[in-house]
Amino acid sequence: MMESKNFIFEKIKNERPPVHTTPKGEFRCVGLGTESLEFIFNNMQPGSVTLETGCGLSTLVFGLTGCHHTAIVPNKSHIQETIKSAEKLGVSLDYVTFIPQRSETYLPTLSSAQKLDAILIDGGHAFPIPMIDWYYTQKQLKKSGILIVDDVHLKTVSILYEFLKRQPEWQEIRQHQKTVFFQKNEESGHDNEWDFWRSQPYNTNFRAKFSQLLTSIKARLKN
Ligand SMILES: C[S@@+](CC[C@H](N)C(=O)[O-])C[C@H]1O[C@@H](n2cnc3c(N)ncnc32)[C@H](O)[C@@H]1O
């Protein structure tokens, strides 16, 4: 008998299968928290077009909801363990595509034709990978689409978070622990400008201006 999606989802939340392997070959799970998984389960529809960097519990849930989903992840054992868990739990991955590459290599080649309903950035956390992940996917996100950014407590991801929360085209709609959710209100609209750093509130808020002033003074004193 086929188990219901709700039943399988409860199993994913309760069992948190250890799909992530450490370099020593130990198994563990560093997946999204329960409330974030619930958001994906409750808000994605069969046929939603979605993309994530990294893979794991989130991939199982995107697959379970019937999304046409792409997971970009260089670590083959993470892909294999996610597939094994899907088989064990009864999650169909028929509409899930794994791209076994680093996102920073793959994403610049992403077709601009495909429009996305949701993006999850939870792949590499070293500088500047979260920014690259955002930069190369955000244009493909539909208006009102959802951008999920995990691990905003990490320094690199926090830079992206601090930037996005000041930009009018991104509206923060919720946060569950270290995972934040944005909705895209509009396109950035700066495509034809040769430089638009001044119109990014991240660069022009009081702290940023103060730090710019301090750096210029220090540079002048040195010379
Ligand atoms: C925190 S885990 C993802 C957890 C997943 N969202 C979940 O809910 O289980 C991070 C993943 O990013 C992958 N990763 C590491 N570096 C990456 C890169 N440069 N590009 C894409 N994925 C990367 C890792 O292999 C790992 O699978």
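The values are calculated or read from the model by the stated rules, or taken from the named source; none is laboratory data. All values derive from a computational prediction rather than experimental measurement. Cβ sites come from the backbone with ideal geometry, for glycine too, and all protein chains shown count toward neighbours.
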- Query: Got a sec? Which of Y95, Y135 is more than 12 Å from the ligand (Cβ to nearest atom) and within 23 Å of K165 (Cβ to Cβ)?
  - Reply: Y135
- Determine if the stretch 28-45 includes at least one residue that is surrounded by 13 or more Cβ atoms within 10 Å (Cβ to Cβ) and of a type in the set (K, R). no
- Considering the stretch 109-132, residues that are of a type in the set (G, A, S) and under 11 Å from the mean Cα position of the chain (by Cα), and then whichever is nearest to F182 (Cα to Cα), we arrive at A118
- Taking the stretch 4-27, which residues are out of contact with any Lys or Arg (no Cβ under 9 Å at 6 or more places or on another chain), outside any helix (DSSP H, G or I) and surrounded by 11 or more Cβ atoms within 10 Å (Cβ to Cβ)? R16, F27
- Complete set of residues in the stretch 38-86 that are assigned to a strand (DSSP E or B) and either closer than 18 Å to R102 by Cβ or touching a residue at least 40 places away in the same chain (Cβ under 8 Å) (or both): V49, T50, L51, E52, T53, T70, A71, I72
- Item | Test: R166 is outside any strand (DSSP E or B), away from the ligand (no atom under 16 Å from the Cβ) and within 30 Å of F39 (Cβ to Cβ) | yes
- For the stretch 54-66, what are the residues that are within 20 Å of S144 (Cα to Cα) and crowded, with 24+ Cβ neighbours inside 10 Å? F62
- Cβ pairs under 6 Å, 6+ apart, first in the stretch 187-212 and in contact (Cβ under 8 Å) with a residue 24 or more places away in the chain and within 21 Å of Q171 (Cα to Cα), second outside any loop (DSSP other than H, G, I, E, B) and of a type outside the set (D, E, K, R): Y202/F163
- Task: For the stretch 101-108, state whether one or more residues are away from the ligand (no atom under 12 Å from the Cβ), modelled with pLDDT of 95 or more and closer than 24 Å to F181 by Cβ.
- Result: no
- How about the stretch 141-177: which of its residues are in contact (Cβ under 8 Å) with a residue 40 or more places away in the chain and surrounded by fewer than 19 Cβ atoms within 10 Å (Cβ to Cβ)? K142, K143, S144, E162, R174, H176, Q177
